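Structure first, commentary second.
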Amino acid sequence: MHKILRGTVLALLVGALEMAGAGPPTALQVLASARAQAAAQHKNIFLVFEASWCGWCRRLDRFIETPAIQPIFAKHFVIARVDVQERGDKASLNTPGGVELAAQLGAKDPGLPFFAFLDEHGELIANSNRPVPGKPEGANIGHPTAPEEVDYFMVMLRKAVPTLSPADTQLIEDYLRNQKR
């Protein structure tokens, strides 16, 4: 109960700071809010680093928001987004501290989207860096479309939600394998 109360207070504090005109929320505030919600709802966190210009980011969004997929993600995850790599007149959209948080979670490659599955405490379960022989940092799968990217996404998903039903697992895998490239 204490953790839930502490998380709720933290989420309210973050909200109050945002409403007080303290500027856009920082990446740590986004994560703290997601952690509070995840702890209260006993879910994990799906944290996505994205940019407005990124077509692959929009494809990942469409995947998550697909009517058949959305309830699965909503049941198991709090989805949080951090804007990074915005340029020019959109640079103000960048989430302060976003690049640093992405690096802490293993982003080595500037490719977007970069994402991570975190537990309700914000601890890393898996990130989107697929192991690649000869490349110690791996390769960011972004929105998974290639067979090896889908394979790795499914490994990540099973690690993040070991209790995911076979039917939900198959639905997600079928969507990713059958999407247009």
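Derivation of every value follows stated rules applied to the coordinates shown; laboratory data play no part. Since we're looking at a predicted model, the values are computed, not measured. Note that each Cβ is placed from the backbone with ideal geometry, even for glycine, and that neighbours are counted across all protein chains shown.
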- Message: Whole angstrom only: what separates the Cα centroid of segment 159-175 from the Cα centroid of segment 27-52?
- Response: 21
- Query: If you take the charge dipole of the chain about its Cα centre, with +1 on Lys and Arg Cβ and -1 on Asp and Glu Cβ, which of Ser33, Phe115, Leu60 is farthest toward its positive end?
  - Reply: Leu60
- By how many nm would the segment from Glu100 to Ala146 grow when fully extended, if each residue of separation counts as 0.36 nm and the alpha-carbon distance is taken off? 13.8 nm
- Give the percent of DSSP beta bridges with both residues in the chain that are antiparallel, rounded to the nearest 5. 60
- Task: Let me see the pair-distance distribution of segment 26-83: every alpha carbon pair, 10 Å bin width, integer percents in order.
- Result: 23, 47, 28, 1
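Tell me the relative contact order for the chain as a rounded percent, counting alpha carbon contacts under 8 Å between residues six or more apart. Walk me through the intermediate numbers first.
Values: 268 pairs, mean separation 38.0, N = 181.
This gives 21 percent for the chain.
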- Note on the structure: Hydrodynamic radius by Kirkwood for segment 43-178, inverse mean 1/r across distinct Cα pairs, in Å, is 15.2
